[in-house]
């Protein structure tokens, strides 16, 4: 990498940015990933940097592919990073399991981001359990600054033990900004590429090989545990006298300890005699492997243990086992005794509640005093999210709805499966088009299940471009092979929009990363053997609705490609689809435009609608539903 | 000094820019800071919130209920979501913009009145500072950016002025938008400036 002297020593960074800067400092050579909130900011920030020619960074087609590329680089002896959200880890899991068995040569770090408290909408998955299943070490920063440091440690640990290593962040670290002391990034080491032919390491051919690899895997994890122990990564602080309270806190939960202690002191729960000086703490940074030695020391020193960890009682269960082994007779406070929930984020409240419980202070003191009424929130106006002004998906949903109406179907008679990304917004008002959302690509296969279940009405599947590339293609191939009667609508806006406008294989050639080549869905579908293939312009409502209507009457597999660029991206380049103009004298305020399009650029004034031209992209859909010619539309020249 | 700020509004109002500017100003003053924004999925029109924690070396990003020294709300209905976070005696700055969801526009759903919001803030013990959108100063005939105006108001009239240096913040506003420097200077100074007639209350 070229020396970038413009990087000052202290910068305000997000956890995502700190993590990749840590990887650059650790001389990472290859970085891959698939966008997914809250992890997207990591690779996105790398792609914005001038990294020179000796590193490779890419958005891959999905997490499994991303991981396999990173693993290939690590097998060849280079340092590699792979980034994903928790759902993506399930996509990559098959490969991760196998690579875990084989081990790696160059350092391989997998960054996975969990979303406890669900800020973005997906499962409240606890990826720590994956680390346990794979027998792979996992490090968990408790702050933005720690994300920077621990990523570097993760690379070293990976190479020391020959094991891929996870770094796990939760949303409130990944997307939080804080000042971090940063050192200069370092160029990748000049390493000879390793070309090693060894089927006992690089294949799973036969029982002997697999069993040996399994034993090696277990040994590597044990070694990782020892290295972590010797580094003192998990901070154990025993109180001067024995018999008190011991707190085990991991990840973000540890970040709230000090603040909780302050509240406990202020409210005299911690008195001068039984203050926080009598509390022992164990800050767990390696959530896997389990820090048994430190936990044993804590159990031997304390008579009550409080476990603070978000989501699953992962550490807590192992603490019970350890307690059983050494005959610990005290209390363990956590989720398994019913004190805390397995759902939601942890904050200062859990520290206060847990310590109060441990000290036998009626814990309601804090919460009664701080009782907050729900009335304010009940008065809030619901703000269901909808597609942006100018979004081409609006036209597609309107066309589906119109086609169904023309065929005299009621809304709840025709299954329209949905998928991940912006396209799912078709579930919300005013469209109510899409019924479900499962995982990347599911819409295409789920629809086939509905067909085989014996549904007699037509079945429609909807999916976005990036999601189609990611996981939709196998489902479509399956439908073609088995000739399942369904209509697949691919809403192709050319970008991976929901996660912040990343490129994908279908992005226009002009915006592909240097040296990359576009894969055109319009060429792909016929090549798969789909004869009934139609391309529509979602801004042309009449034609789009007619095409979909026609498809619903045909048998076999039909694919409709609804194609218009994401309006946000087009607007950023100063483009518009057209121009709208309201003719106030003609407007009867029938509100049809608002009811059908739900466009955020339209609002109501005294006796006419108004269009906010700062938002309007000129898609003209409102003009197409107006029955009174109150909206004029002119195509862009 | 430890100081927590809770920000709410709607995507497109520049709520997160306020957070960004405060973070940058704090970092320049070497005040430890954590800024944790959450935006909805939509680019515009979705609920946005952010938590700012100043003065803590090692801080969890979330602010406990009744923990915020200052709330800055940029939209009337969204303001209600911040009520549970205001500390008794804390400053609650409300810019009373109304961004009506479609259902409200169509008359199918209710939208909270200013009085309702005021009542909730007062019940929670918050000190209400109301800024009417119609008082937003004009520059060359058009209203200035509300977020810069509101940031100025928070710096001029709430406890935030004891934490952050006003001129440092003013410099940051200047540096941020090279193009609209004069317009933003006007917005910031108008916010900062003394009370004037009308619905602006401090």
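The values are calculated or read from the model by the stated rules, or taken from the named source; none is laboratory data. Fair warning: this is a prediction, and the values are worked out from it, not measured in the lab. Glycine also receives a Cβ, built like all others from the backbone with ideal geometry; neighbour counts cover every protein chain displayed.
Those residues that are away from every other protein chain (no Cβ under 14 Å) and either free of Cβ contacts under 8 Å to residues at least 60 places away in the same chain or surrounded by fewer than 21 Cβ atoms within 10 Å (Cβ to Cβ) (or both), I need them from the range A:240-264; list them, please.
Initially, the range A:240-264 is screened for residues away from every other protein chain (no Cβ under 14 Å), giving A:240-248.
Result: A:240, A:241, A:242, A:243, A:244.
The numbered conditions (1) part of a loop (DSSP other than H, G, I, E, B); (2) facing chain A (nearest Cβ under 10 Å); (3) modelled with pLDDT under 95 are all true for residue B:27 except (1).
Set side by side, the residues A:596, A:560, A:610 differ, and just one is part of a strand (DSSP E or B), at pLDDT 95 or above and surrounded by fewer than 22 Cβ atoms within 10 Å (Cβ to Cβ), which is A:610.
Restricted to the range B:1-19, and to residues that are surrounded by fewer than 19 Cβ atoms within 10 Å (Cβ to Cβ) and closer than 22 Å to residue B:173 by Cβ, which residue is modelled with the highest pLDDT? Talk me through it step by step, then tell me what you get.
To start, the set of residues in the range B:1-19 that are surrounded by fewer than 19 Cβ atoms within 10 Å (Cβ to Cβ) comprises B:1-2, B:12, B:17.
Cutting the leftovers down to closer than 22 Å to residue B:173 by Cβ gives us B:12, B:17.
Values: B:12: 85, B:17: 94.
Ranking the qualifying residues of the range B:1-19, first place goes to B:17.
Taking (1) within 8 Å of chain A (Cβ to nearest Cβ); (2) surrounded by fewer than 19 Cβ atoms within 10 Å (Cβ to Cβ) in turn, residue B:133 satisfies each apart from (1). Answer yes or no as to whether residue A:589 is under 18 Å from residue B:108 (Cα atoms) and not assigned by TED's automatic domain parsing to the domain that holds residue A:544. Taking the combined requirement at face value, the residue satisfies it. Pairing each residue of the range A:189-204 that is in the same structural domain as residue A:29 (by TED's automatic domain parsing) and farther than 22 Å from residue A:97 by Cα with any residue that is exposed (fewer than 12 other Cβ atoms within 10 Å of the Cβ) and at pLDDT 95 or above, provided the two are 6+ apart or on different chains, yields no C-beta distance under 6 Å.
This table checks each residue for (1) within 14 Å of another protein chain (Cβ to nearest Cβ); (2) buried (at least 24 other Cβ atoms within 10 Å of the Cβ); (3) more than 19 Å from the chain's Cα centre (by Cα).
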| site | (1), (2), (3) |
| --- | --- |
| A:152 | no, no, yes |
| A:164 | no, yes, yes |
| A:174 | yes, yes, no |
| A:183 | no, no, yes |
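The residues of the range A:263-297 that are out of contact with any helix residue (DSSP H, G or I) (no Cβ under 9 Å at 6 or more places or on another chain) and at pLDDT 90 or above amount to a single one, A:297. Of all the listed residues (A:424, A:385), the sole one being in a loop (DSSP other than H, G, I, E, B), within 14 Å of chain B (Cβ to nearest Cβ) and closer than 25 Å to residue A:500 by Cβ is A:385.
Would you mind stating whether residue A:494 is outside any helix (DSSP H, G or I), over 18 Å from residue A:63 (Cβ atoms) and under 21 Å from the mean Cα position of the chain (by Cα)? Yes; evaluated as a whole, the condition is true for this residue.
For the range B:32-123, the helices (runs of 4 or more DSSP H) that sit wholly inside it and include 1 or more residues that are at pLDDT 95 or above are B:76-79, B:114-123.
Got at least one residue in the range B:141-153 being touching a strand residue (DSSP E or B) at 6+ places or on another chain (Cβ under 8 Å), more than 14 Å from chain A (Cβ to nearest Cβ) and in a loop (DSSP other than H, G, I, E, B)? Within the range B:141-153, one or more residues are touching a strand residue (DSSP E or B) at 6+ places or on another chain (Cβ under 8 Å), more than 14 Å from chain A (Cβ to nearest Cβ) and in a loop (DSSP other than H, G, I, E, B).
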